[in-house]
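Asker: Below is the structure I would like to discuss, written out as structure tokens.
The values are calculated or read from the model by the stated rules, or taken from the named source; none is laboratory data. Nothing here was measured: the structure is a model prediction, and the numbers come from that model. Virtual Cβ from ideal backbone geometry, glycine too; neighbours counted across all protein chains shown.
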Amino acid sequence: MILRLLTLARPARWRLGLAVLFGVLALGSGVGLMATSAWLISRAAQHPPVLLLMVAIVAVRAFGIGRGVFRYVERLVGHDATFRVLADLRARVYERLERLAPGGLPSVRDGDLLNRLVADVDAVQDLFLRVLLPCTVAAVVGGASVGLAWTLLPSAGAVLLCTLLLAGVVAPWLSARTARRAEHRTTDLRASLTAHVVDTLQGAPELIAYGAAPSHLAEATRLDRDFTRASARSATTAGAGAALSALAGGLAVWGSLAVGVPAVRSGALDGVLLAVVVLLPLAAFEVVAGLPLAAQYLERVRRSATRMFTVLDTPEPIKDPVRPASLPAPPYTLKVENLQAHWTPKAPLALDDISLDLTPGRRCAIVGPSGSGKTTLTAVLLRFLEPSSGRTTLNGTDLNAFTADDVRRVVGLCAQDAHLFDSTIGENVRLARPTATEGELREALRRARLLDWIDALPQGLDTRVGEHGAQVSGGQRQRIALARALLADFPILLLDEPAEHLDIATADALTADLLTATEGRTTLLVTHRLTGLDAVDEIIVLDKGHVADRGTHTELTSRPGLYKSLWHHETTAEPSTI
């Protein structure tokens, strides 16, 4: 995982290299400042001519100023490089999610996908800023410090080397071992908490209406408590690593003093340099102080990267051809022959032996009970889902020969859960064609039976719809979605349960308006409501993925079958039972 992340960071390698260079200069200036200051104080105590101290005085000033300047530049360059890597990585994850939707990740909750796109990608920055950068700088500056101490007094260099290895290798290793389980649990709990909160917020009206809100809030509290405990365990591990590092620093100072004093007595070390030997570890240990925490971050990055690469490595449900065919010239005929499809390889067939002809201007309806395969058929026609067998052609050319984007330029969708953005009515509709004129926009709204209502609003097209269309009714929300589809002017339009979740009167009125608005346009209407279907050319009745019957409304109601049963139930059922 870490190697893959480093490969993805290759375009920013020069900036990361500069960040390492300036980090080395910053911490190297700190070590130089401590060593020079120690020598200057010791030498000044002997009251030499001031000119003998000028070089050291200037060096102290240079190291002091350079430390701050180099640290600032290192942070600036390092963060710039990291954010460039994150931007590219987040774009990759988003593009993959866009390619996988809607059938590629059926078992992953929306909140968890959000967490992978945001929190898990953000965690990757720790690999560069809090793991690789400090570890590389620690290795360079720590090695230079050991070399300086060894030059002054080999035994002091050996003491510094051993204690640096204790603080820079052993302590991080122990921290990583201790933190591995806690960090994995913290990442998983963060994802679960995010997913639960998103689900709770999205379903808040229903939860409150049915009195289930307290139990969901209690579950959120439990997840938050577990997440806090896991974070506290991670913090405890970090504290233990910092304590071990501080202990090693103290041992380095005392060890240097223990070997330095006898060396001064024996004449092996100049007394002025004793302060340098003793105080040098204080600056040297600054470079390894954060390594135990870096080890924890490494575990966190590894876990987040695993979750992120799960998305990137998930096979796409649809693969575009290497050499895609060009779209044929209109008019378009969409034909389905002996189609079979399922959502996952081990799942049962959702569609079996389905055939359909959508010639130019023809309007068909797909009806059937829930789970009969209606939505699966629209997914295949939009190239969201690859069929298992059979053929789906556009003007005689298999849909697999075109890119998915090209297919969706011809075949458009108005879904039952069409999303409205927290913006104005005009901007939501114009999303389909940003270059549309005011007249074209108003014509689409007129055909969707919305124009009179909009003109009566104080702000007209500038009226905001609220998040998820909360400021408009369900019927108005679906009509706005229909106007968007009409403005896009798709040659073939799929209407997937446009009247779902609406009351009977609103659903029937919307269905009638849909059929009026799409007159003359090749249309496939997927619906559970049968009222008004006498206006379509053919009705195909699906049951458990099979074609149970097909024909016109008059033909299907005149003979026994599933459609007649559904029609009888719809026309005789009391409103209170629906």
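Asker: For the stretch 260-269, how many residues are aliphatic (A, V, I, L, M), in a helix (DSSP H, G or I) and surrounded by fewer than 19 Cβ atoms within 10 Å (Cβ to Cβ)?
Answerer: 2
Asker: Shifting gears a bit: Any residue at all in the stretch 307-319 that is within 16 Å of residue 127 (Cα to Cα) and either surrounded by 24 or more Cβ atoms within 10 Å (Cβ to Cβ) or modelled with pLDDT of 80 or more (or both)?
Answerer: The answer is yes; a qualifying residue exists.
Asker: What residue, of 186, 237, is touching a residue at least 40 places away in the same chain (Cβ under 8 Å), under 27 Å from the mean Cα position of the chain (by Cα), surrounded by 14 or more Cβ atoms within 10 Å (Cβ to Cβ) and assigned by TED's automatic domain parsing to the domain that holds residue 301?
Answerer: 186
Asker: Here is a further query. Quick one: in the stretch 189-234, which of the residues that are hydroxyl-bearing (Ser, Thr, Tyr) and surrounded by 16 or more Cβ atoms within 10 Å (Cβ to Cβ) is nearest to residue 290 (Cα to Cα)?
Answerer: By that ranking, first place goes to 234.
Asker: Within the group 68, 17, which residue is farther than 23 Å from residue 87 by Cβ and out of contact with any Asp or Glu (no Cβ under 8 Å at 6 or more places or on another chain)?
Answerer: Matching residue, one of 68, 17: 68.
Asker: Return the only residue of 191, 243 being at pLDDT below 85, out of contact with any Pro (no Cβ under 8 Å at 6 or more places or on another chain), assigned to a helix (DSSP H, G or I) and more than 27 Å from residue 119 (Cα to Cα).
Answerer: Only one candidate passes the filter, namely 243.
Asker: In the stretch 267-275, is there at least one residue being touching a Gly at 6+ places or on another chain (Cβ under 8 Å) and either modelled with pLDDT of 85 or more or outside the structural domain of residue 30 (by TED's automatic domain parsing) (or both)?
Answerer: Scanning the stretch 267-275 turns up at least one residue that is touching a Gly at 6+ places or on another chain (Cβ under 8 Å) and either modelled with pLDDT of 85 or more or outside the structural domain of residue 30 (by TED's automatic domain parsing) (or both).
Asker: Right, something else. Look through 19, 12, 81, 26 and report the one residue that is within 14 Å of residue 133 (Cα to Cα), in contact with a Gly (Cβ under 6 Å, 6 or more places away or on another chain) and at pLDDT 85 or above.
Answerer: Step by step, each of 19, 12, 81, 26 is checked, and only 19 is within 14 Å of residue 133 (Cα to Cα), in contact with a Gly (Cβ under 6 Å, 6 or more places away or on another chain) and at pLDDT 85 or above.
Asker: Limited to the stretch 517-557, what total is found for residues that are among the charged types (D, E, K, R) and assigned to a helix (DSSP H, G or I)?
Answerer: 2
Asker: Hey, another quick one. Specify which of the listed residues (460, 469, 475) is at pLDDT below 90 and more than 17 Å from residue 414 (Cα to Cα).
Answerer: Within the list 460, 469, 475, the selection yields 460.
Asker: Moving to a separate point now. For the stretch 170-181, give me each residue that is surrounded by fewer than 21 Cβ atoms within 10 Å (Cβ to Cβ) and either touching a residue at least 40 places away in the same chain (Cβ under 8 Å) or in contact with a strand residue (DSSP E or B) (Cβ under 7 Å, 6 or more places away or on another chain) (or both).
Answerer: 170, 173, 174, 176, 180
Asker: Something else now. Would you mention how many residues in the stretch 42-91 are farther than 30 Å from residue 14 by Cβ and loosely packed, with under 15 Cβ neighbours inside 10 Å?
Answerer: Result for the stretch 42-91: 13.
Asker: Could you please find all residues in the stretch 460-472 being touching a residue at least 24 places away in the same chain (Cβ under 8 Å) and of a type in the set (S, T, N, Q)?
Answerer: Once the filter is applied, which keeps residues that are touching a residue at least 24 places away in the same chain (Cβ under 8 Å) and of a type in the set (S, T, N, Q), the stretch 460-472 yields only 463.
Asker: OK, next. (1) out of contact with any Phe, Trp or Tyr (no Cβ under 9 Å at 6 or more places or on another chain); (2) under 23 Å from residue 410 (Cβ atoms); (3) modelled with pLDDT under 85: which one isn't true of residue 506, the others all being true?
Answerer: (2)
Asker: List pairs: first residue in the stretch 136-155 and part of a helix (DSSP H, G or I), second residue polar (S, T, N, Q) anywhere in the structure, Cβ distance under 9 angstrom, at least six positions apart or on different chains.
Answerer: Within 9 Å, the pairs are 149/256; 155/256.
Asker: Moving on to the next point. When residues of the stretch 497-516 are filtered for being surrounded by fewer than 23 Cβ atoms within 10 Å (Cβ to Cβ), assigned to a helix (DSSP H, G or I) and not charged (D, E, K, R), how many remain?
Answerer: 7
Asker: Quick test for you: out of 176, 138, 123, pick the one residue that is hydrophobic (A, V, I, L, M, F, W, C) and closer than 26 Å to residue 25 by Cβ.
Answerer: 138
The rows are residues; the columns are (1) of a type in the set (Phe, Trp, Tyr); (2) part of a helix (DSSP H, G or I); (3) in contact with a Pro (Cβ under 8 Å, 6 or more places away or on another chain).
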| position | (1), (2), (3) |
| --- | --- |
| 42 | no, yes, no |
| 48 | no, no, no |
| 67 | no, yes, no |
| 70 | yes, yes, no |
| 78 | no, yes, no |
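Asker: Does residue 355 fit the bill of being over 35 Å from the mean Cα position of the chain (by Cα), surrounded by fewer than 20 Cβ atoms within 10 Å (Cβ to Cβ) and of a type in the set (Gly, Ala, Ser)?
Answerer: Judged against the criteria, residue 355 is a match.
Asker: Hey, another quick one. Take the conditions in contact with a Ser or Thr (Cβ under 9 Å, 6 or more places away or on another chain), under 26 Å from residue 380 (Cα atoms) and either modelled with pLDDT of 90 or more or among the hydrophobic types (A, V, I, L, M, F, W, C) (or both) and apply them to residue 454. Does it pass?
Answerer: It is false that residue 454 is in contact with a Ser or Thr (Cβ under 9 Å, 6 or more places away or on another chain), under 26 Å from residue 380 (Cα atoms) and either modelled with pLDDT of 90 or more or among the hydrophobic types (A, V, I, L, M, F, W, C) (or both).
Asker: Anything in the stretch 366-384 that is at pLDDT below 90, in contact with a helix residue (DSSP H, G or I) (Cβ under 7 Å, 6 or more places away or on another chain) and closer than 18 Å to residue 492 by Cα? List them, or say none.
Answerer: If the condition is that a residue be at pLDDT below 90, in contact with a helix residue (DSSP H, G or I) (Cβ under 7 Å, 6 or more places away or on another chain) and closer than 18 Å to residue 492 by Cα, then 382, 383 are the ones that fit.
Asker: Still on this structure: Just one of 494, 486 is closer than 29 Å to residue 359 by Cβ and assigned to a strand (DSSP E or B); which is it?
Answerer: Residue meeting the stated conditions: 494.
Asker: Being aliphatic (A, V, I, L, M) and not in a helix (DSSP H, G or I) is the filter here, so list the residues in the stretch 194-240 that pass it.
Answerer: Hit for the stretch 194-240 is 212, nothing else.
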